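I have placed the structure first, in the form of structure tokens, so that the comments after it can refer back to it.
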Amino acid sequence: MKSSTIAEREAAGRAAREHSKRSSHRVAGDLHRDPLALLASSSEGRVERLVPLRYGRMAASPFAFFRGSAIVQAHDLGRVPHTELIQPVCGDCHLMNFGGFATPERQLIFDLNDFDEVSAGPFEWDLKRLVASFVVAARHLRFSRGAAHDMVMAAVTQYRDRIAQYAEYGALDLWYERITFDRMIDAALTPEGRRRIRRGMEKAATRTHENMLDKIAGRVGDRYELRDMPPGLFHVHGAGSLFMPEDDWFKTRDWHKLIDGMYTEYQKSLPPDRRALLAQFVPQDLAFKVVGVGSVGTRCLVLLAIDALGKPLFLQLKEAGRSVVARYFKSPAPRHEGERVVRGQQLLQAASDMFLGWATGPHGRQFYVRQLLDMKLSANIELMDAELLTGYARLCGWALARAHAKAGGQAVEIGAYIGRSDQFAEALAEYAAAYADQVERDYDVFVAACRSGKLEARSDEDLAADFRV
């Protein structure tokens, strides 16, 4: 089959402007919908007693609400015109879904790190969620509107410039491209930025399976057992369980029945060398873990396994439901939602967890599997000033450009669509400000529903108090 020339691909990218003008991206669209109904639909199938905790975490601030309501923005993006530049997208590309982690070669890199919503979609959907997150976060931190605008411009112009750079990369060059922490130090514009990156590297080195073992597990007889720390970590069948007696998982009465078939299927999803490595670990215990904001209430398990020398491996088995992107952008249904997450992660990330796999659990629920910790780092925006957060925005724009260029192979087309001017960036800055206004309105509706009792919201501390003697 004849391949297109670079000139033809650039022409295709510019032609996409006819379907969706760059200036059109400033429009947030028709936002007359019920955010509570959308949230309720995304809460279906979750552990019933954890849904109030999800809402409690979301009620903390408009930014927390934004993090937990990916379905709302996906719905809204589905109602506005989009480019025809379709490729794998993260689907929940807010600023807290980037971070540092170790490659299998133990190199610390910065990249996207959450793929629960990955699916095929317009490339700009990721950018729009990213820039909106910076404006909502900037307002939460009481930065000026000018500072918020600067953050959006930093993220989008960095994306534009890196996409143009990646358009000149060969296929293998793109596959090998990684944003290491050493490169981040070189690219940092301030001494404080460089100091924080170095401090992050030191912190990451302490976040290992072995260092975590004594914190969340203890020796009981001849094996290790995870500690109950409700509501964050608890045994499904233990005294601190948050499962209702009628829940199908609670009825199994034995964690081995929950995991055995799933673990065997998971092993088969791994390459032969990783399967052989995993075979050197013996499962010790299984517990339920409450994670994040938007994921609270979805079924997530932690499996502790030990090798012959007593060295631990923590695996996270996380439920994979239908992507919010797939709900509002038509694409072929995946064979398995867990496989969708794994394949999307492998395409978008520069280097992925070597234990990534998938399986179907009891009662047909689908899961993906990854390591629980392994030198992972996330940004603490509460400790950033406007200058540092703008630098972080630039870094996220770089990482997203690399991910899109690798996963979609359309850096030439996207670069030609965006062009060299600031027109696209300015349009997204207007969009981000308008959408942040909508997030704040939705948040007010949500909080009012929590206060009136229409929605039940509970804090971590409130829920934990149920288990104190």
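The values are calculated or read from the model by the stated rules, or taken from the named source; none is laboratory data. The structure displayed is predicted, hence computed values, not measured ones. Note: ideal-geometry Cβ built from the backbone for every residue, glycine included; neighbour counts use all protein chains shown.
Mind counting the residues in segment 379-394 that are loosely packed, with under 15 Cβ neighbours inside 10 Å and part of a loop (DSSP other than H, G, I, E, B)?
Counting residues in segment 379-394 that are loosely packed, with under 15 Cβ neighbours inside 10 Å and part of a loop (DSSP other than H, G, I, E, B) gives 2.
As an exercise: evaluate N97 against (1) crowded, with 20+ Cβ neighbours inside 10 Å; (2) in contact (Cβ under 8 Å) with a residue 24 or more places away in the chain and give the number of the one condition it does not meet.
Failing condition for N97: (2).
Based on this model, can you work out whether R178 counts as touching a residue at least 12 places away in the same chain (Cβ under 8 Å) and touching a helix residue (DSSP H, G or I) at 6+ places or on another chain (Cβ under 9 Å)?
Yes.
For the subset of segment 53-80 comprising residues that are of a type in the set (A, V, I, L, M) and assigned to a helix (DSSP H, G or I), which member is farthest from A120 (Cα to Cα)?
That would be L53.
Among the residues of segment 363-370, is there at least one that is in a helix (DSSP H, G or I), surrounded by 16 or more Cβ atoms within 10 Å (Cβ to Cβ) and of a type in the set (A, V, I, L, M)?
no
How many residues, within segment 265-319, are of a type in the set (A, V, I, L, M), part of a loop (DSSP other than H, G, I, E, B) and within 19 Å of F234 (Cα to Cα)?
4
Residue by residue through segment 319-344, note down the ones that are among the basic types (K, R) and either over 17 Å from the mean Cα position of the chain (by Cα) or crowded, with 21+ Cβ neighbours inside 10 Å (or both).
The answer is R327, K330, R335, R340.
For L50, state whether it is part of a helix (DSSP H, G or I), in contact with a helix residue (DSSP H, G or I) (Cβ under 9 Å, 6 or more places away or on another chain), at pLDDT 95 or above and under 21 Å from G297 (Cβ atoms).
Answer is no for this residue.
Run down R441, R451 and say which single residue is more than 21 Å from E168 (Cα to Cα), surrounded by fewer than 16 Cβ atoms within 10 Å (Cβ to Cβ) and under 25 Å from the mean Cα position of the chain (by Cα).
Checking each option against the conditions leaves just R441.
Let's see how each residue does on (1) under 23 Å from the mean Cα position of the chain (by Cα); (2) acidic (D, E); (3) modelled with pLDDT of 95 or more:
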residue: H237; (1), (2), (3): no, no, no
residue: P245; (1), (2), (3): no, no, no
residue: F250; (1), (2), (3): no, no, no
residue: G261; (1), (2), (3): no, no, no
residue: L278; (1), (2), (3): no, no, yes
residue: L286; (1), (2), (3): no, no, no
residue: V293; (1), (2), (3): yes, no, no
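From R441, R458, R451, grab the single residue that is basic (K, R) and either assigned to a loop (DSSP other than H, G, I, E, B) or more than 19 Å from S69 (Cβ to Cβ) (or both).
R458
Scan segment 174-193 and tell me whether some residue there is farther than 28 Å from M375 by Cβ and acidic (D, E).
There is no residue in segment 174-193 that is farther than 28 Å from M375 by Cβ and acidic (D, E).
Looking only at segment 352-361, how many residues end up being within 11 Å of Y263 (Cα to Cα) and not polar (S, T, N, Q)?
Number satisfying all stated conditions: 4.
Which condition breaks for D116 when tested against (1) buried (at least 20 other Cβ atoms within 10 Å of the Cβ); (2) among the charged types (D, E, K, R); (3) at positive phi?
Result: D116 passes all but (3).
Quick one: S24 ticks every box in (1) of a type outside the set (A, V, I, L, M); (2) surrounded by fewer than 16 Cβ atoms within 10 Å (Cβ to Cβ); (3) in contact (Cβ under 8 Å) with a residue 60 or more places away in the chain; (4) closer than 16 Å to V439 by Cβ bar one, so which box is it?
Unmet for S24, out of (1) of a type outside the set (A, V, I, L, M); (2) surrounded by fewer than 16 Cβ atoms within 10 Å (Cβ to Cβ); (3) in contact (Cβ under 8 Å) with a residue 60 or more places away in the chain; (4) closer than 16 Å to V439 by Cβ: (4).
So which residues in segment 178-237 are among the aromatic types (F, W, Y) and either more than 30 Å from A154 (Cβ to Cβ) or assigned by TED's automatic domain parsing to the domain that holds F281 (or both), if there are any at all?
The answer is Y224, F234.
Being in a helix (DSSP H, G or I), surrounded by 20 or more Cβ atoms within 10 Å (Cβ to Cβ) and within 19 Å of the chain's Cα centre (by Cα), is that true of even one residue in segment 146-155?
Yes, segment 146-155 contains at least one residue that is in a helix (DSSP H, G or I), surrounded by 20 or more Cβ atoms within 10 Å (Cβ to Cβ) and within 19 Å of the chain's Cα centre (by Cα).
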